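This report concerns only the one structure given below.
The values are calculated or read from the model by the stated rules, or taken from the named source; none is laboratory data. Quantities reported herein were computed from a predicted structural model and do not represent experimental measurements. Cβ: placed from backbone, ideal geometry, glycine included. Neighbour counts: every protein chain shown. Remember, those area values only see protein heavy atoms, side chains included, never the ligands or the DNA or RNA. Shrake-Rupley method; radii C 1.70, N 1.55, O 1.52, S 1.80 Å.
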Amino acid sequence: QVQLVESGGGLVQAGGSLRLSCAASGLAFSDYAMGWFRQVPGKVRNFVALTSWSGGNTVYADSVKGRFTISRDNAKNTLYLQMNSLKPEDTAVYYCAAKLGYPILSSDLPMDYWGRGTQVTVSS
C-alpha cells in the first residue's frame, strides 16, 4: 500500500532552518505531484507548497514564499522541504501528500494520499 513517511521535524529557534523529508513507497513516485501542508491543533490544514512530477513547476503559500523550498528526488522516491528563516508562526504539524497525475498546481488541489506528519516547533 501507499506509504508517505515524514521526518526531519523538531525544535528550532526563530531564524533557524530545518529540512523535512518524505519517503514514499507503494506508488510510482514520478507519476505524482507532491506537496507539503501544515496544521495547527484546532485549525484547518493549510497548503504550504506543491511540486509537479518533475520538480519543474512549484507553487508556494504567500506566507512561506522566499523562505521555503520544495524539491524532490525521483530516483530516491523522496520529497523535501527546506525551511529557512523560520518564524514562531511556522509551528505546526507538517504533512506530505501525493496527487496522481499531472494536475495544475493550486492551493486547493485535492490530494490522494497523506502521511502522518512531523512536528515542527519554532521558539521565539
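Build a GNM of the chain with springs between Cα atoms under 10 Å: which of Leu109, Leu50, Leu86 gets the top mean-square fluctuation? Among Leu109, Leu50, Leu86, the largest mean-square fluctuation in the Gaussian network model of the chain belongs to Leu109. P(r) tail for the stretch 1-63: Cα pairs beyond 15 Å make up 65% of the total. Pairs of Lys residues in the chain, spaced 8 or more positions apart or belonging to different chains, with C-alpha separations under 24 angstrom: 6 in total.
Springs join every pair of Cα atoms under 10 Å in this Gaussian network model of the chain, and among Pro103, Pro41, Pro88 the largest mean-square fluctuation is at Pro41. Could you run the Debye sum over the Cα atoms of the stretch 73-124, one equal point scatterer each and no solvent, and tell me log10 of I(q)/I(0) at q = 0.13, 0.17, 0.22 Å⁻¹, two decimals? With no solvent term, the Cα-only Debye profile gives -0.44, -0.72, -1.04. Coupling constants for the stretch 94-100 follow from the phi torsions by the Karplus curve (6.51 cos²θ - 1.76 cosθ + 1.60, θ = phi - 60°), and in residue order they are 9, 10, 8, 8, 10, 10, 5 Hz; glycine and proline get x. Multiplying the residue separation of Gln13 and Arg67 by 0.36 nm and subtracting their alpha-carbon distance yields 17.9 nm.
Looking at the stretch 9-104, the trypsin sites (Lys or Arg not before Pro) that sit in a DSSP loop and have at most 12 other Cβ atoms within 10 Å of their own Cβ are Lys43, Lys65, Lys76. Solvent-accessible area per residue in the stretch 18-109 equals 47 Å², computed with a 1.4 angstrom probe and all protein chains kept.
Using the Karplus relation 6.51 cos²θ - 1.76 cosθ + 1.60 with θ = phi - 60°, the per-residue 3J(HN,Hα) values for the stretch 52-69 come to 6, 4, 9, x, x, 10, 9, 9, 9, 5, 4, 5, 10, 4, x, 10, 10, 9 Hz, with x marking Gly and Pro. Express the carbon and sulfur contribution to the solvent-accessible surface of the chain as a percent, rounded to the nearest whole number, probe 1.4 angstrom. Answer for the chain is 48 percent, counting heavy atoms of protein chains only.
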